[in-house]
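Here's a structure for you.
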Amino acid sequence: MRNIRLRLAYDGTRYVGWQVQPNGQSVQACLEQAIEQLTGTATRVTAAGRTDSGVHAVGQVANFATASNIPCSNIRSGLQHFLPDEIVVVEVDEVSEEFHATYSATGKWYRYVIHNARPRHPFLGNYAWQYEADLDIEAMQAAAERLIGTHDFRAFETQHPNRASSVRTVDRLDVTRHDQFSTWSLWPVDTEPVTDNGPFIWIDIAADGFLYNMVRAITGTLVQVGRGRMTADQLAAVLADGTRDDAGETAPACGLYLMRVEYDGETIASPDPGSS
């Protein structure tokens, strides 16, 4: 059996999330149907992260086992033929049988996008949190730095506990303004032009793992800081001793993107748009 790894980008607007569910169409179901149509065999697909309803991906990683001898380049084009337009197979490669998209991952990078301007933009409703009130980026970044490191993030987890442990290590948490909405790129990079008054706020967070709604809860809390309703010290106190009720609201799903997944130092995001 071959172990095939995929990098996927998708618009999650009309899907109930990654995982197969009885109440609507999922990204996983669409992908598994496409694989069956291509190979003739029903196949279960595993993903790095089970994104929720309305959440998008630029760098989702998935893998599946197959006895098919179809070359990787033809797997990519073949799957795309059977997939809806909102789901794109960006890259395909063959990996060792030990590779597991979920358990082999060593880290993930998410980006949350806020459109912080007046008036609201008529075309961004499904792709950014449109927040018109002024936000203090410097205050948000100062508070964000309190979350970097290894902590118990139970106060930023919906319906705690969902996992055996709520301890996670955040390696990076940046709050920046930008003129552009370059999340459109299928080959994300870490450095982008930063401005003082651009309409887009990016909250980039990289960690060894994430709890349920953790990024959206952190985003909602940082927005409270940006509004002057919470200080960095108060956020640190919530992290140390608080509960979910003490933190900010859960930001809408529409602004969240799974950007990249890493495996033993290997970044699954090609710098060459022509690769397959």
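The values are calculated or read from the model by the stated rules, or taken from the named source; none is laboratory data. Note that the structure is a prediction, hence the values are computed from the model and not measured. Heads up, the Cβs are rebuilt from the backbone with ideal geometry, glycines too, and the neighbour counts pull from every protein chain shown.
Which of (1) touching a strand residue (DSSP E or B) at 6+ places or on another chain (Cβ under 6 Å); (2) modelled with pLDDT under 95; (3) not polar (S, T, N, Q) is the odd one out, the single condition residue 27 does not satisfy?
Only one criterion in (1) touching a strand residue (DSSP E or B) at 6+ places or on another chain (Cβ under 6 Å); (2) modelled with pLDDT under 95; (3) not polar (S, T, N, Q) is unmet by residue 27, namely (2).
Based on this model, can you work out whether residue 147 counts as under 24 Å from residue 51 (Cα atoms) and modelled with pLDDT of 95 or more?
Values: under 24 Å from residue 51 (Cα atoms): yes; modelled with pLDDT of 95 or more: yes.
Spelling it out, residue 147 is indeed under 24 Å from residue 51 (Cα atoms) and modelled with pLDDT of 95 or more.
Further question: Of the residues that make up segment 137-154, is at least one assigned to a loop (DSSP other than H, G, I, E, B), of a type in the set (D, E, K, R), in the same structural domain as residue 215 (by TED's automatic domain parsing) and more than 30 Å from residue 3 (Cα to Cα)? Give the derivation first.
First, the residues of segment 137-154 that are assigned to a loop (DSSP other than H, G, I, E, B): 148, 153.
Imposing the further condition that a residue be of a type in the set (D, E, K, R) reduces the set to none.
Looking for residues that are assigned to a loop (DSSP other than H, G, I, E, B), of a type in the set (D, E, K, R), in the same structural domain as residue 215 (by TED's automatic domain parsing) and more than 30 Å from residue 3 (Cα to Cα), one finds none in segment 137-154, hence no.
Residues to consider are 99, 64, 153; find the one that is in contact with a helix residue (DSSP H, G or I) (Cβ under 7 Å, 6 or more places away or on another chain), touching a residue at least 12 places away in the same chain (Cβ under 8 Å) and over 25 Å from residue 176 (Cα atoms). Write out each step before concluding.
Values: 99 fails: in contact with a helix residue (DSSP H, G or I) (Cβ under 7 Å, 6 or more places away or on another chain); 153 fails: over 25 Å from residue 176 (Cα atoms).
None of the others qualify; the one that does is 64.
Quick check: is even one residue across segment 17-26 assigned to a loop (DSSP other than H, G, I, E, B), assigned by TED's automatic domain parsing to the domain that holds residue 204, surrounded by 15 or more Cβ atoms within 10 Å (Cβ to Cβ) and in contact (Cβ under 8 Å) with a residue 40 or more places away in the chain?
Our first condition is that a residue be assigned to a loop (DSSP other than H, G, I, E, B); within segment 17-26, this holds for 18-20, 22-23, 25-26.
Pick out the ones that are also assigned by TED's automatic domain parsing to the domain that holds residue 204 and you get none.
No, there is no match, as no residue in segment 17-26 is assigned to a loop (DSSP other than H, G, I, E, B), assigned by TED's automatic domain parsing to the domain that holds residue 204, surrounded by 15 or more Cβ atoms within 10 Å (Cβ to Cβ) and in contact (Cβ under 8 Å) with a residue 40 or more places away in the chain.
So for segment 205-220 (the condition being in a helix (DSSP H, G or I) and among the basic types (Lys, Arg)), does at least one residue qualify? Walk me through how you get there before you give the answer.
Residues of segment 205-220 in a helix (DSSP H, G or I): 214-220.
Retained after the next criterion (residues that are among the basic types (Lys, Arg)): 216.
Checking segment 205-220: at least one residue is in a helix (DSSP H, G or I) and among the basic types (Lys, Arg).
Still on this structure, please answer the following. Is one or more of the residues making up segment 117-134 farther than 26 Å from residue 11 by Cα, exposed (fewer than 14 other Cβ atoms within 10 Å of the Cβ) and not assigned by TED's automatic domain parsing to the domain that holds residue 52?
Of the residues in segment 117-134, the ones farther than 26 Å from residue 11 by Cα are 133-134.
Checking the rest, the ones that are also exposed (fewer than 14 other Cβ atoms within 10 Å of the Cβ) come to 133-134.
Restricting the remaining residues to those that are not assigned by TED's automatic domain parsing to the domain that holds residue 52 gives 133-134.
Checking segment 117-134: at least one residue is farther than 26 Å from residue 11 by Cα, exposed (fewer than 14 other Cβ atoms within 10 Å of the Cβ) and not assigned by TED's automatic domain parsing to the domain that holds residue 52.
Can you go through 168, 177 and tell me which one is farther than 19 Å from residue 227 by Cα and either in contact with a strand residue (DSSP E or B) (Cβ under 9 Å, 6 or more places away or on another chain) or not in a helix (DSSP H, G or I) (or both)?
On the way: 177 fails: farther than 19 Å from residue 227 by Cα.
None of the other options fit; the residue is 168.
Any chance segment 233-252 includes a residue that's modelled with pLDDT of 95 or more, touching a strand residue (DSSP E or B) at 6+ places or on another chain (Cβ under 6 Å), assigned to a loop (DSSP other than H, G, I, E, B) and more than 20 Å from residue 170 (Cα to Cα)?
Yes, segment 233-252 contains a residue that is modelled with pLDDT of 95 or more, touching a strand residue (DSSP E or B) at 6+ places or on another chain (Cβ under 6 Å), assigned to a loop (DSSP other than H, G, I, E, B) and more than 20 Å from residue 170 (Cα to Cα).
Does segment 217-230 include one or more residues that are within 17 Å of the chain's Cα centre (by Cα) and surrounded by fewer than 20 Cβ atoms within 10 Å (Cβ to Cβ)? Step through it out loud before you land on a result.
Our first condition is that a residue be within 17 Å of the chain's Cα centre (by Cα); within segment 217-230, this holds for 217-220.
Filter once more, so that each one left must be surrounded by fewer than 20 Cβ atoms within 10 Å (Cβ to Cβ): 220.
Checked against the condition, which is being within 17 Å of the chain's Cα centre (by Cα) and surrounded by fewer than 20 Cβ atoms within 10 Å (Cβ to Cβ), segment 217-230 yields at least one hit.
For residues in segment 72-93 being among the aliphatic types (A, V, I, L, M) and assigned to a strand (DSSP E or B), which is surrounded by the fewest Cβ atoms within 10 Å (Cβ to Cβ)?
Kept after step one, since they are among the aliphatic types (A, V, I, L, M), are these residues of segment 72-93: 75, 79, 83, 87-90, 92.
Still in the list and also assigned to a strand (DSSP E or B): 87-90, 92.
Values: 87: 21, 88: 18, 89: 21, 90: 23, 92: 21.
Here the answer is 88.
Would you pick out the residues in segment 4-44 that are among the acidic types (Asp, Glu) and either more than 26 Å from residue 184 (Cα to Cα) or in contact with a Phe, Trp or Tyr (Cβ under 6 Å, 6 or more places away or on another chain) (or both)? If you could, list the steps in order and put the result at the bottom.
Residues of segment 4-44 that are among the acidic types (Asp, Glu), as a first pass: 11, 32, 36.
Matches in segment 4-44: 36 only.
Okay, moving on. Identify, by number, the condition in (1) free of Cβ contacts under 8 Å to residues at least 40 places away in the same chain; (2) within 27 Å of residue 11 (Cβ to Cβ) that residue 158 doesn't meet.
With (1) free of Cβ contacts under 8 Å to residues at least 40 places away in the same chain; (2) within 27 Å of residue 11 (Cβ to Cβ) applied to residue 158, the lone miss is (1).
Which ones in segment 27-47 are of a type in the set (A, V, I, L, M, F, W, C) and loosely packed, with under 15 Cβ neighbours inside 10 Å?
The one that is of a type in the set (A, V, I, L, M, F, W, C) and loosely packed, with under 15 Cβ neighbours inside 10 Å: 42.
Here is a further query. Would you mind telling me which numbered condition in (1) closer than 25 Å to residue 252 by Cα; (2) assigned by TED's automatic domain parsing to the domain that holds residue 18; (3) surrounded by fewer than 15 Cβ atoms within 10 Å (Cβ to Cβ) residue 172 fails?
(2)
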